[in-house]
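A.B. asks: Below is one structure. I have some questions about it.
The values are calculated or read from the model by the stated rules, or taken from the named source; none is laboratory data. Bear in mind the structure is a predicted one, so any value in this text is a computation, not a measurement. With ideal geometry, Cβ positions are generated from the backbone for all residues, glycine too; neighbour counts draw on all protein chains shown. Areas reflect the complete protein model, heavy atoms only, side chains present, ligands, DNA and RNA absent. Shrake-Rupley method; radii C 1.70, N 1.55, O 1.52, S 1.80 Å.
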Amino acid sequence: MRKKKNLIFIAILIIGILSFYGFKNYAEKVKDEHCLATQISSKIFDFNTFDLKVDSALNLSDFKVVNQNSGKTIFADGKNRKGIKNEYGHCTFELFWKGKQVYEFGHFKMNNWNTNKYELNIGMENNELKPSLEIYGPDSKKADLYFRKITE
C-alpha cells in the first residue's frame, strides 16, 4: 500500500514538473499580449532580454546597466543578467561606463505583461558615447523612448 502511494506521489510530481516547464515554453514562444497564458506567465517568469553591443574601440566589460524599476543590474562584466520587471508605465535604465553613470534611458510600457528584447548599441563619436536603443516586441513603437545624458 505504501509503495502504491509513493508511486502516485512520484507520478503527480513528474506531471506537475512537466506541466510547469511546458507552460513556460508555450508562454515564451507565444508572447501574444491578448493571450491569458502570456499575461499569467509574465508575472511568474522574466522573458525580457537585454543585449549590449559596443563599438570596436570600446571595452564591453567597462559598461554596466541597471534597471531602475527593479533595482537590479541587468548587464555587468560583459554579461547579460535577468531583472527587467514587467510593469505598466515607464521602464527606466541607467548606463554606467567605467564606474560612472553617463546616461539614463527608457520608454513607456503599454501593458504590464509586455515582454521585449532590448538591444542597446553604443558607438563612439568625437570622443563621446553615442547610445541608441532598439526595442523588439509589443513596445517597439518607441512612442516615449528617451535618452538623458548625465553631466557632472
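A.B. asks: When you scan the range 24-31, do you find a residue that is in contact (Cβ under 8 Å) with a residue 24 or more places away in the chain and at positive phi, even just one? Full working, then the answer.
C.D. replies: Of the range 24-31, the ones in contact (Cβ under 8 Å) with a residue 24 or more places away in the chain are 31.
Checking the rest, the ones that are also at positive phi come to 31.
Yes - at least one qualifying residue is present in the range 24-31.
A.B. asks: Sticking with this one: Within the range 94-123, work out how many residues are modelled with pLDDT of 85 or more, closer than 16 Å to T49 by Cβ and β-branched (V, I, T).
C.D. replies: Number of matching residues: 0.
A.B. asks: Let me ask something else about it. Which members of the range 94-119 meet the condition of being part of a strand (DSSP E or B), of a type in the set (A, V, I, L, M, F, W, C) and more than 15 Å from K149 (Cα to Cα)? Write out each step before concluding.
C.D. replies: Filtering the range 94-119 down to residues part of a strand (DSSP E or B) leaves 94-97, 100-109, 117-119.
Retained after the next criterion (residues that are of a type in the set (A, V, I, L, M, F, W, C)): 95-97, 102, 105, 108.
Selection gives F108 alone.
A.B. asks: Sticking with this one: Within the bounds of the range 26-49, is there any residue that is under 22 Å from P131 (Cα atoms), under 15 Å from the mean Cα position of the chain (by Cα) and not acidic (D, E)?
C.D. replies: From the range 26-49, those under 22 Å from P131 (Cα atoms) are 48-49; that's our starting set.
Still in the list and also under 15 Å from the mean Cα position of the chain (by Cα): 48-49.
Narrowing the set further to residues that are not acidic (D, E) leaves 48-49.
So far as the range 26-49 goes, yes, one or more of its residues are under 22 Å from P131 (Cα atoms), under 15 Å from the mean Cα position of the chain (by Cα) and not acidic (D, E).
A.B. asks: Count, please, the residues in the range 80-107 that happen to be surrounded by fewer than 16 Cβ atoms within 10 Å (Cβ to Cβ), within 29 Å of I40 (Cβ to Cβ) and of a type outside the set (S, T, Y).
C.D. replies: The qualifying residues number 6.
A.B. asks: Are any residues in the range 49-79 small (G, A, S) and open to solvent by 60 Å² or more (accessible area, probe 1.4 Å), and if so, which ones? Can you show your working first?
C.D. replies: First pass over the range 49-79, keeping only residues small (G, A, S): 56-57, 61, 70-71, 76, 78.
Result: S56, A57, S61.
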